[in-house]
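Beneath this line is the structure, given in structure tokens, with notes to follow.
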Amino acid sequence: MIPIMKIIKALPDNTSVMVLTEKTEQAYEHVINNSERSYLETVLEKKTDVVIYRLPTLLFVGKINKNEESYLQLETARKSGAKLFAALKEIDSRKVMLKNLCSPNLMTALLEGLLLSNYTFDKYKKEKEEFFIEEIFVPENSIGEDKIAELINVIRAIFAARDLVNEPLSFLTAPQFSKEMEKLGTEAGFDVEVFNKQKIESLKMGGLLAVNKGSIDPPTFNLLEWKPDNATNKKPVVLVGKGIVYDTGGLSLKPTPNSMDFMKTDMAGAAVMISTLYAIAKNKLPIHVVALIPATDNRPDGNAYVPGDVITMFDGTTVEIKNTDAEGRLILADALSYAKKYNPELVIDYATLTGSADIIAGTHAAVVMGNSEETIASLKRTGLKTYERLIEVPIWEEYGEALKSNIADLNNLGTREAQSSIAGKFLEHFTDYKWVHIDSAGTPFYKKASHYLPAGGTGFGVRLMYNFLKDTYC
């Protein structure tokens, strides 16, 4: 739920107050007596946040360290927003005024943290979440109405990504996934075209078809496009997202605990790219963007593809299957080959591709690689600003050695070691354009909430992609 946001001159009655400041004394105008002032001084010597309860409202003061790097200040503001949400929830205070006495851009970060905390996924619960912030007030000249509108659209996009990742396979099959894309397209104003199984067969997308062989549901290949008349890029940016709506591992079956039980999230890369396009379209950014989303589940039915099979990909490359759990790279490869049809300016793919990425980065970052150092450097800078950070790994020629096959052009596995780079090297084979690959295994789904990122789907990556594209092309 997105609260109503209003620009005001005076504080409404029964409204909590949040002050973001670099100096404790700047918050004194909001304290009522000397006891509150003394408490504020004492606590802020040791902590960055303090809550003074004045039931039914509260005063929350967040302190920014002006000596920290700017990206850390932004993250501190976001975390203060999340802590504010928790404090408001504790006393059921649903109206709050935000006052920023620091750098203007920290107001946006503070709002991000607060709004991102105002999310729940209770679709399948009898008892629904009852607490939501209803109204947020901001003083005049603290943030523009256009910036508020833009931020709200980005938050809606993140919530859409979270919802998609949280949905179980019992609802979100590949065909249903396509319907959800169409709904989002109607809402935001971008075009959606869905290729059914017959069309996919006619295109000979051997990777997507092989992974789908064990499923009772047909695959889909989805083309999403936002093409405004005032686009600044003559050639489109193509976003590719891995849309494995559920991954058992196929015949190379995964174990259940802490593995298969979380595999409804294996379409998180697709969710990020769909939601990025949603945010771009809602905010009418002048960027021509295409998203390609191959979608299927990966199951061990009697007709499922098996280790030892040889399949022929969309571009004619033959691939020996060494492991049916290395399926994401197969469907991405077909999409990356298809992307050549657009003569793209840049292609970025986003996927929950390897456990190796989780080992490298954990839940704190994604892994990035590709053939454009300039793009990677820009993405990494944006990742610091949004705190959706990236760790770069190489795709040296040596990593291609492990992908050689005695009976086909490639095999789909390589070696256990350096698996993130090897998977990236496999994908690189299907590109002939400027390309970046993001492997985000640990970030899309949290078992426990962390500040403004909830337990469940996080939407990690949407702000990264949106801000990168906006900064690059607008």
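What follows draws every value from the coordinates through simple rules; no lab data is involved. Treat the numbers as computed from the prediction; the structure is a model and nothing was measured. A quick note on method: Cβ atoms are made from the backbone with ideal geometry, for glycine too, and the neighbour counts reach across all protein chains shown.
Okay, here's what the table says:
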quantity: Principal-axis tilt of helix 145-166 within the chain, Cα atoms, nearest 10 degrees; calculated: 50
quantity: D_trans [Stokes-Einstein, Kirkwood Rh over alpha-carbon pairs] for segment 4-138, 20 °C, 1.002 mPa s, µm² s⁻¹; calculated: 140
quantity: Extension gain from LYS179 to LYS340, taking 0.36 nm per residue of separation minus the Cα-Cα distance; calculated: 55.4 nm
quantity: Virtual paramagnetic centre 7 Å along Cα→Cβ of SER103, amide N under 18 Å, in segment 47-82; calculated: 62-81
quantity: Estimated inter-spin distance, ALA455 and ASN196, nm [label 7 Å along Cα→Cβ]; calculated: 4.2
quantity: Global form of segment 153-473, assessed from the alpha-carbon gyration tensor, a/c cut-off 1.5; calculated: rounded
quantity: Proxy reagent accessibility, fewest Cβ within 10 Å first, across LYS126, LYS385; calculated: LYS126, LYS385
quantity: Residue order, fewest to most beta carbons within 10 Å, for CYS474, CYS102; calculated: CYS474, CYS102
quantity: Gain upon complete extension [TYR28, VAL306; 0.36 nm per residue less C-alpha separation]; calculated: 93.2 nm
quantity: Under DSSP loop assignment and at most 13 Cβ neighbours within 10 Å, longest GluC sites (Glu not before Pro)-free interval of the chain; calculated: 141-416
quantity: Sparse-neighbourhood loop sites, chymotrypsin sites (Phe, Trp or Tyr not before Pro) in segment 301-408 - DSSP loop, at most 12 other Cβ within 10 angstrom; calculated: TRP396
quantity: Spherically averaged projected area in nm², based on the convex hull that wraps the Cα atoms of segment 418-474; calculated: 5.7
quantity: Förster radius 60 Å - calculated FRET efficiency between ASN14 and SER259, Cβ distance, rounded to 0.05; calculated: 0.80
quantity: Rounded tilt (10° steps) of 34-44 against the dominant C-alpha axis of the chain; calculated: 30
quantity: Mean-position separation - Cα centroids, segment 447-466 and segment 323-384, in angstrom; calculated: 18
quantity: Angle in degrees between helix 105-117 and the longest Cα principal axis of the chain, rounded to the nearest 10; calculated: 70
quantity: Residue-averaged [θ]222 nm for the chain, counting only DSSP H segments that reach four residues, each worth -39500 (n - 2.57); calculated: -11000 deg cm²/dmol
quantity: Eligible lysines near LYS23 by straight Cα distance, threshold 22 Å, same-chain separation 8 or greater; calculated: LYS46, LYS47, LYS63, LYS66, LYS79, LYS83, LYS99
quantity: Approximate spin-label separation SER35-HIS364, in nm, with each point projected 7 Å along Cα-to-Cβ; calculated: 4.1
quantity: Likely footprinting exposure, HIS364, HIS288, HIS451, fewest C-beta neighbours within 10 Å first; calculated: HIS364, HIS451, HIS288
quantity: Segment 45-120 versus segment 133-200: alpha-carbon centroid distance in Å; calculated: 25
quantity: Percent of beta bridges antiparallel (DSSP, segment 204-344, rounded to nearest 5); calculated: 55
quantity: Of the trypsin sites (Lys or Arg not before Pro) in segment 1-83, those whose Cβ has at most 13 other Cβ within 10 Å and which sit in DSSP loop; calculated: LYS9, LYS23, LYS46, LYS47, LYS66
quantity: Charge dipole (debye, nearest 20) of the chain; +1 at Cβ of Lys and Arg, -1 at Cβ of Asp and Glu; calculated: 700
quantity: Label-point gap, in nm, between ILE91 and PHE171 - each point 7 angstrom along Cα→Cβ; calculated: 3.5
